[in-house]
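Q: Below are the structure tokens for one structure; questions will follow.
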Amino acid sequence: MKFRSVVFAALALALAGTAPGLGVDSGGSSPTVSVSSSMQDARAQIKKQRWADAIATLRVVLEAEPNNADANNLMGYSLRKSGNLQRAEGFYLKALKLSPKHKGANEYLGELYVETGNLAKAKARLEVLEGICGTGCEEYQDLKAAIDKAS
């Protein structure tokens with residue numbers, strides 16, 4: 001119930017145009033989400049491990065831009081970190097459908113597979129990352145370390 005209250009409060013503030021990251025569109029007549037500012041808010045909440053707050057913020061972003069690959073990726077990350085692995089996977093897969101070379105979504109989906117014991121799928125994500133950015137990028141190295149630790 002508490003999470004639902006947070007979501008409703010965020011939506012109410014969005015409609016009022018008073019929440020951080022929200023503003024009025026160029027016509028001045030209807031409130032709209034400032035996706036950029038809301039994404040910054042979500043990243044700050046994630047950094048503080050405030051998963052429910054990040055999820056509520058990202059819901060507002062995804063309401064405005066359902067095809068935002070970065071927002072889908074961060075929603076997956078927040079859901080995974082809050083323990084909802086099944087829902088997290090769906091958001092990662094959507095992010096990858098929208099942007100197949102999304103380094104973060106590839107890494108985080110691979111980490112989800114490591115957490116669920118599906119090392120074959122995790123290694124497949126690692127191969128995708130190698131094709132995108134080689135073995136030197138942070139996403140590749142982080143996923144490789146997670147796989148190595150689990151092996």
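The values are calculated or read from the model by the stated rules, or taken from the named source; none is laboratory data. This structure is a prediction, so every number in the text was calculated from the model and none was measured. Cβ: placed from backbone, ideal geometry, glycine included. Neighbour counts: every protein chain shown.
Q: Do we find that GLY117 is modelled with pLDDT of 95 or more and not in a helix (DSSP H, G or I) in this structure?
A: Answer is yes for this residue.
Q: Mind listing just one residue for me: the one in region 120-151 that is outside any helix (DSSP H, G or I) and of a type in the set (Gly, Ala, Ser) and, of those, modelled with the lowest pLDDT?
A: The residue in question is SER151.
Q: So ALA105 ticks every box in (1) assigned to a helix (DSSP H, G or I); (2) over 17 Å from the mean Cα position of the chain (by Cα); (3) not hydroxyl-bearing (Ser, Thr, Tyr) but one. Which box is left unticked?
A: Result: ALA105 passes all but (2).
Q: Within region 41-68, track down each residue that is hydrophobic (A, V, I, L, M, F, W, C), in contact with a Lys or Arg (Cβ under 8 Å, 6 or more places away or on another chain) and surrounded by fewer than 19 Cβ atoms within 10 Å (Cβ to Cβ).
A: If the condition is that a residue be hydrophobic (A, V, I, L, M, F, W, C), in contact with a Lys or Arg (Cβ under 8 Å, 6 or more places away or on another chain) and surrounded by fewer than 19 Cβ atoms within 10 Å (Cβ to Cβ), then ALA52 is the only one that fits.
Q: Can you find, within region 110-139, the residue that is surrounded by the fewest Cβ atoms within 10 Å (Cβ to Cβ) among those that are among the hydrophobic types (A, V, I, L, M, F, W, C), in contact with a helix residue (DSSP H, G or I) (Cβ under 7 Å, 6 or more places away or on another chain) and under 15 Å from ALA150 (Cβ atoms)?
A: Only one residue fits best here, namely LEU119.
Q: Find the residue count for region 75-88, including only residues that are assigned to a helix (DSSP H, G or I), surrounded by fewer than 19 Cβ atoms within 10 Å (Cβ to Cβ) and touching a residue at least 12 places away in the same chain (Cβ under 8 Å).
A: Summing the residues that are assigned to a helix (DSSP H, G or I), surrounded by fewer than 19 Cβ atoms within 10 Å (Cβ to Cβ) and touching a residue at least 12 places away in the same chain (Cβ under 8 Å) in region 75-88 gives 2.
Q: Of all helices (runs of 4 or more DSSP H) completely enclosed by region 1-74, which ones contain at least 2 residues that are at pLDDT 50 or above and either touching a helix residue (DSSP H, G or I) at 6+ places or on another chain (Cβ under 7 Å) or not assigned by TED's automatic domain parsing to the domain that holds LEU85 (or both)?
A: Passing ranges, in order: 35-47, 51-64.
Q: Going residue by residue through region 77-88, is there one that turns out to be within 17 Å of VAL114 (Cα to Cα), touching a Lys or Arg at 6+ places or on another chain (Cβ under 8 Å) and at pLDDT 95 or above?
A: Yes, that holds for at least one residue.
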